Amino acid sequence: MTGSTRARLALALAAAAALVLAATAAAGTHASGTITIGWAFDSKGAMAPFDNPALAAAKLRVRQINAKGGVAGKKLAITTCDTQNNKPAVAKSCALKLLGQGASVIFTTCDVDLAAPVVQEAINHGVLAVAPCIGTDQMGPKRFGKKGRLAFSFGNVAQDEGSAMADFAWSKGWRSAAIATDTVIVYFKDVTAAFQARWKQLGGKVVDSETYQSLGGNNVQNVVSRLNGKSSDVIVTATAGAFGALSTLVSGLRSLGNETPILNSWAGDGTYWLPKSPQVTNYWFVTFANAFGQDPVKAVNKLARQVKAATGGFITGPAAVDGVVTAIKRAHGSTKGAKLAGIMEKFHNVPTLSGKVSFSKKLHTVFGRAYRVIEIQNNKPREIRTITAKVVPKI
């Protein structure tokens with residue numbers, strides 16, 4: 001064998017080895033026989049109150065699954081990357097880093113706009129992209145086109161959530177509503193739109209529609225003044241305490257002596273945002289799980305204590321893991337994005353720690369799951385019931 005021949009052979013062997021390594025990374029498996037979930041999350045920014053608990057709870061769920069033998073004969077592993085308040089360039093770099101480390105599924109933050117850089121990189125590489133708690137129908141083909149078939153969320157789709165809120169309000173005997181829409185993200189806007197659509201189906205009356213903007217907006221107090229000038233049985237909104245406007249909205253109304261019930265989405269979960277004075281009263285929200293120790297499912301209460309959950313969103317991390325595990329099992333161990341997506345589109349009442357979840361070709365975000373309804377009186381939360389949306393309205 002000549003020197004040139006040996007050199008060519010060495011190059012060929014090196015190329016073959018590189019292809020093997022690339023194939024292994026694409027499959028998301030390692031020599032140890034693991035299936036890797038790559039998780040791009042916001043550790044300290046605006047989405048941290050949602051991302052951190054979901055990730056912490058998911059890690060515990062992975063331990064439980066591995067203790068029972070794993071998935072299709074392999075162990076699960078979670079590898080993380082901090083998006084640093086979901087800066088687009090950092091988020092994209094995180095996605096590429098996780099893919100390069102062999103992630104077979106990519107998890108991302110809980111808002112579709114902020115998650116977009118990570119989702120795009122995952123689906124461009126043919127990898128399933130999963131959000132624990134994005135709440136819009138944009139986590140799928142509607143936002144990301146044909147490749148968006150690989151994108152799913154284990155949050156509740158806004159159409160379902162707003163509808164459940166309307167059903168609850170109607171059950172309370174409320175018949176007129178003033179709607180205050182936070183325009184900062186699509187999810188907030190879609191929840192109030194869905195509430196209004198279902199509210200009108202039920203025969204409810206909308207007496208006022210207002211808009212405001214959190215995350216630095218300065219028009220919340222003006223909305224408070226206008227809402228105070230209207231008479232309604234309930235004020236409906238969708239906004240998060242971490243986004244800055246919720247405490248102003250609630251405190252502003254209560255400081256004026258307005259005790260009208262306020263109904264919020266899952267975004268308004270938690271007690272971390274509650275002002276000390278005036279204390280929050282006549283406030284309700286729907287959520288995934290009870291983070292305050294009163295959930296009807298004992299395993300949920302135990303997990304909430306373990307992760308010191310601040311909101312019910314923590315349960316979406318384990319739910320997403322449960323869903324992906326079910327898809328892998330039904331795929332006989334395959335982690336190919338297209339294969340898993342095809343299976344998940346057919347999910348109907350699939351059991352997860354958060355309850356039964358369903359998807360469809362059109363809706364890649366959960367519908368049909370039971371919500372916990374939490375009431376806050378004098379800054380103290382208590383669960384009063386569960387509710388499941390009867391209708392998923394068009395918005």
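The values are calculated or read from the model by the stated rules, or taken from the named source; none is laboratory data. If you're wondering where the values come from, they're calculated on a predicted model, not measured in any experiment. Note: ideal-geometry Cβ built from the backbone for every residue, glycine included; neighbour counts use all protein chains shown. SASA here: full protein model, heavy atoms, side chains in, ligands and nucleic acids out. Shrake-Rupley method; radii C 1.70, N 1.55, O 1.52, S 1.80 Å.
Figures for the structure shown
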item: Out of I134, I78, sole residue that is part of a strand (DSSP E or B), out of contact with any Asp or Glu (no Cβ under 6 Å at 6 or more places or on another chain) and either surrounded by fewer than 24 Cβ atoms within 10 Å (Cβ to Cβ) or of a type in the set (A, V, I, L, M, F, W, C) (or both); result: I78
item: Condition check for K44: at pLDDT below 95 and closer than 27 Å to T311 by Cβ; result: yes
item: Test: residue in segment 228-244 that is free of Cβ contacts under 8 Å to residues at least 40 places away in the same chain, open to solvent by 20 Å² or more (accessible area, probe 1.4 Å) and under 30 Å from the mean Cα position of the chain (by Cα); result: yes
item: Considering residues of segment 81-102 that are of a type in the set (S, T, N, Q) and touching a Ser or Thr at 6+ places or on another chain (Cβ under 7 Å) only, the residue surrounded by the fewest Cβ atoms within 10 Å (Cβ to Cβ); result: Q101
item: In segment 105-125, the residues that are open to solvent by 20 Å² or more (accessible area, probe 1.4 Å) and touching a residue at least 60 places away in the same chain (Cβ under 8 Å); result: D113, L114, H125
item: Strands (runs of 3 or more DSSP E) wholly inside segment 296-395 containing at least 2 residues that are open to solvent by 30 Å² or more (accessible area, probe 1.4 Å); result: 380-387
item: Contacts under 7 angstrom Cβ, first residue in segment 93-104 being under 12 Å from T83 (Cα atoms), partner at pLDDT 95 or above and in a loop (DSSP other than H, G, I, E, B), 6 or more apart; result: C94/T83
item: Output for segment 179-193, where each listed residue is crowded, with 21+ Cβ neighbours inside 10 Å and among the hydrophobic types (A, V, I, L, M, F, W, C); result: I179, A180, V184, I185, F188, V191
item: Leading residue by the ranking (nearest to G333 (Cα to Cα)) among those in segment 86-136 that are at pLDDT below 95 and of a type in the set (D, E); result: D111
item: So A15, is it open to solvent by 30 Å² or more (accessible area, probe 1.4 Å), among the small types (G, A, S), at pLDDT 50 or above and part of a helix (DSSP H, G or I); result: no
item: Filter result (over 23 Å from K356 (Cβ atoms), open to solvent by 10 Å² or more (accessible area, probe 1.4 Å) and among the polar types (S, T, N, Q)) within segment 264-295; result: T271, S277, Q279, T281, N282
